[in-house]
Amino acid sequence: MQVGIIGAGPAGMMAALTLIETNHEITLIDEQSMGGGQIYRHAAQMASQDARIFGSDYAAGGDLVRRFNTVADNERLTHIKGATVWSVTEDREIAWSVGEISYSRLFDAVILATGALERAMPIVGWTNPGVMTVGAAQILMKTARHVPAESVLIGSGPLLYLVATQMLEMGTPPKALLETQTISDYLYAFPHLRLNSTVIAYLLKGAGMLRKLSSAGIRRHTAVSDVSITSEAGQHRVAFSCGGKMHKITAGHVLVHAGVHPNIQFSQSLGLAHCWNEANHCLDPDIDAMGRSSKSGIYIAGDGAGILGADAAQLSGQLAAMAVLTDQGESVEASILAATLSKHRRFRSIRAFLDRLYKPKKWYSVPDDETIICRCEEVTASTVRNAVRLGCLGPNQLKAFSRCGMGNCQGRYCGMTVVNLIADTRGLSPAEIGYYRIRSPIKPITLEQIANHDTIN
Ligand SMILES: Cc1cc2nc3c(=O)[nH]c(=O)nc-3n(C[C@H](O)[C@H](O)[C@H](O)COP(=O)(O)OP(=O)(O)OC[C@H]3O[C@@H](n4cnc5c(N)ncnc54)[C@H](O)[C@@H]3O)c2cc1C
């Protein structure tokens, strides 16, 4: 059997490592030049001080990537690096491009392990040079050992604290954290806490990060809202409301983060079933406990199936691989399957708490008129509202009205904001609005790449 896996993060690597034990041929394709995905980016190349900076989880990821590298590129596992997948079809043909050439190949089973995307936080000034996402700053830190100086971090969620402590460890602490969660978010979140050892370990890790930030004297403002950024000559002025007053702070860089949601570009382009996740305010692919999607032979693993974090992503990679095997009539050790399912379920307990605590806020999910919401085509929120008043019913018609979602990112970053804005203007829920119809190529390709197409048998 030929299995195609897209994404070499913890989910994709674990799926490949599980399948390599069998006699099947596996092809794992990823855009990056090495395995690791978002969290374990460059982890195999880690220098000794990196474990202190990026934490023990990152160090453990280095072991996983090295284990993957030792089996990759033998005759049964091909790791195609630096390759952008731009199409996956219902009959399980994957198309990708590397350099000037594009390739396609048919597979018996396809595992989508394309991870998460940072939720867009469209506020006035978020597209200014020097303003980026917290995740983008972390990529800079992991790959180039460069920390944006004098940074103000805005938003909420675990990644905000993680990157702030990593900046601190690298000797360039952030200037301040402007956090959007309020006291009532804590009060509503606590009833969702179901304590088990996984949850306790997670909470202790979070408390440890907050302690480090506080001992270093880093200012944290909570219940922040109505943030706007003005930039001039490489300096930023961030205005925000907190405690009933407006405040201003200057910054060398501004890093925004409003949590993450599944990357659903492929699952949408394949027309797979999705369900509205009210807790994380996003669309999740509708899958069974082992990652089977609504179309036979297509499986989804990791954060692309629903946000549960890196450890859960590894387990879901294993589960998707086991689903592929059982669907081909092969036997899987029942006790291993039951234990993996049970461990994976434990990660759901912390998610319910985090989703409620860091629920996206309306003031940026449904931004003011002048805010740019589609960075590629520079479309503002007022253009979307006006289109709806002229009769535009949903995200697909909006493309014709405004080109919103038709730029380089193909709607990856503006998708959820567009859904929220149309829902709010029409007085409906986001679940009733639907999503962009995503078509391949889901990432830009050149005519040269199409002309140089090679079909692999
Ligand atoms: C920016 C960012 C930073 C994060 N940092 C941390 C962190 O420091 N600590 C932490 O605990 N969690 C972090 N997370 C969450 C963490 O990424 C996930 O929990 C975990 O990595 C999920 O693993 P995964 O295998 O599902 O996906 P990922 O690790 O995201 O791997 C997905 C892989 O798919 C590849 N891919 C996607 N689309 C394509 C395509 N079209 N063609 C080819 N390849 C493709 C990507 O290159 C990537 O390597 C971060 C998330 C984001 C978005």
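Looking at PRO395 and the list (1) under 25 Å from PRO444 (Cβ atoms); (2) in contact (Cβ under 8 Å) with a residue 12 or more places away in the chain; (3) open to solvent by 10 Å² or more (accessible area, probe 1.4 Å); (4) not aliphatic (A, V, I, L, M), which single condition is not satisfied?
(3)
Taking the condition of being surrounded by fewer than 21 Cβ atoms within 10 Å (Cβ to Cβ) and either assigned to a helix (DSSP H, G or I) or aliphatic (A, V, I, L, M) (or both), how many residues in region 116-130 meet it?
1
For the structure I just gave you, tell me whether LYS212 is touching a residue at least 40 places away in the same chain (Cβ under 8 Å) and surrounded by fewer than 17 Cβ atoms within 10 Å (Cβ to Cβ).
yes
Residue by residue, here is whether (1) more than 9 Å from the ligand (Cβ to nearest atom); (2) among the basic types (Lys, Arg); (3) surrounded by fewer than 20 Cβ atoms within 10 Å (Cβ to Cβ); (4) free of Cβ contacts under 8 Å to residues at least 60 places away in the same chain holds:
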| residue | (1), (2), (3), (4) |
| --- | --- |
| ASP63 | yes, no, yes, yes |
| THR78 | yes, no, yes, yes |
| THR84 | no, no, yes, no |
| GLU90 | yes, no, yes, no |
| VAL98 | yes, no, yes, yes |
| ILE101 | yes, no, yes, no |
| THR114 | no, no, no, no |
| VAL152 | yes, no, no, no |
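Which of (1) surrounded by 20 or more Cβ atoms within 10 Å (Cβ to Cβ); (2) away from the ligand (no atom under 13 Å from the Cβ) does ASP30 not meet, given it meets every other one?
The failed condition is (2).
Can ALA320 be described as within 16 Å of the ligand (Cβ to nearest atom), over 23 Å from ALA120 (Cα atoms) and in the same structural domain as ALA109 (by TED's automatic domain parsing)? Step through it out loud before you land on a result.
Values: within 16 Å of the ligand (Cβ to nearest atom): yes; over 23 Å from ALA120 (Cα atoms): yes; in the same structural domain as ALA109 (by TED's automatic domain parsing): yes.
Against the criterion (within 16 Å of the ligand (Cβ to nearest atom), over 23 Å from ALA120 (Cα atoms) and in the same structural domain as ALA109 (by TED's automatic domain parsing)), ALA320 qualifies.
What about GLU377, is it in contact with a Lys or Arg (Cβ under 6 Å, 6 or more places away or on another chain), acidic (Asp, Glu) and not in a helix (DSSP H, G or I)? Lay out the reasoning, then the answer.
Values: in contact with a Lys or Arg (Cβ under 6 Å, 6 or more places away or on another chain): yes; acidic (Asp, Glu): yes; not in a helix (DSSP H, G or I): yes.
So GLU377 passes the test.
Got at least one residue in region 266-279 being in contact (Cβ under 8 Å) with a residue 40 or more places away in the chain, touching a Phe, Trp or Tyr at 6+ places or on another chain (Cβ under 8 Å) and outside any strand (DSSP E or B)?
yes
With respect to ILE183, determine if the residue is open to solvent by 20 Å² or more (accessible area, probe 1.4 Å) and assigned by TED's automatic domain parsing to the domain that holds ASP50.
Judged against the criteria, ILE183 is not a match.
Name the residue that is nearest to the ligand (Cβ to nearest atom), counting only residues in region 154-173 that are under 17 Å from ALA258 (Cβ atoms) and open to solvent by less than 40 Å² (accessible area, probe 1.4 Å).
Step one: filter region 154-173 for residues under 17 Å from ALA258 (Cβ atoms), giving 154-164.
Filter once more, so that each one left must be open to solvent by less than 40 Å² (accessible area, probe 1.4 Å): 154-157, 160-161, 163-164.
Details: ILE154: 16, GLY155: 13, SER156: 14, GLY157: 10, LEU160: 11, TYR161: 11, VAL163: 7, ALA164: 12 Å.
Of everything passing the filter in region 154-173, VAL163 is nearest to the ligand (Cβ to nearest atom).
Residues of region 413-430 being touching a strand residue (DSSP E or B) at 6+ places or on another chain (Cβ under 6 Å) and either loosely packed, with under 14 Cβ neighbours inside 10 Å or under 30 Å from GLY99 (Cα atoms) (or both), which ones?
CYS414
Sort out which residues of region 263-284 are in contact with a Pro (Cβ under 7 Å, 6 or more places away or on another chain) and within 15 Å of the ligand (Cβ to nearest atom), and write them in order of number.
ILE264, SER267, CYS282, ASP284
Here are some residues: GLY291, GLY304. Which one is under 26 Å from TYR161 (Cα atoms), within 16 Å of the ligand (Cβ to nearest atom), open to solvent by less than 10 Å² (accessible area, probe 1.4 Å) and touching a strand residue (DSSP E or B) at 6+ places or on another chain (Cβ under 8 Å)? Reasoning before the result, please.
Working: GLY291 fails: under 26 Å from TYR161 (Cα atoms).
The unique qualifying residue is GLY304.
Out of GLY244, GLY271, GLY217, GLY259, which single residue is at positive phi and buried (at least 20 other Cβ atoms within 10 Å of the Cβ)?
Checking each option against the conditions leaves just GLY259.
Go through region 40-56 and report how many residues are closer than 20 Å to LEU117 by Cα and either modelled with pLDDT of 90 or more or away from the ligand (no atom under 12 Å from the Cβ) (or both).
Going through region 40-56 one residue at a time, the tally reaches 1.
The values are calculated or read from the model by the stated rules, or taken from the named source; none is laboratory data. Owing to the predicted nature of the structure, the values given are computational and were not obtained by experimental measurement. Reconstructed Cβ throughout: ideal geometry from the backbone, glycine too, with neighbour counts over all protein chains shown. Please note that ligands, DNA and RNA were not included when accessible areas were found on the heavy atoms of the full protein model with its side chains. Shrake-Rupley method; radii C 1.70, N 1.55, O 1.52, S 1.80 Å.
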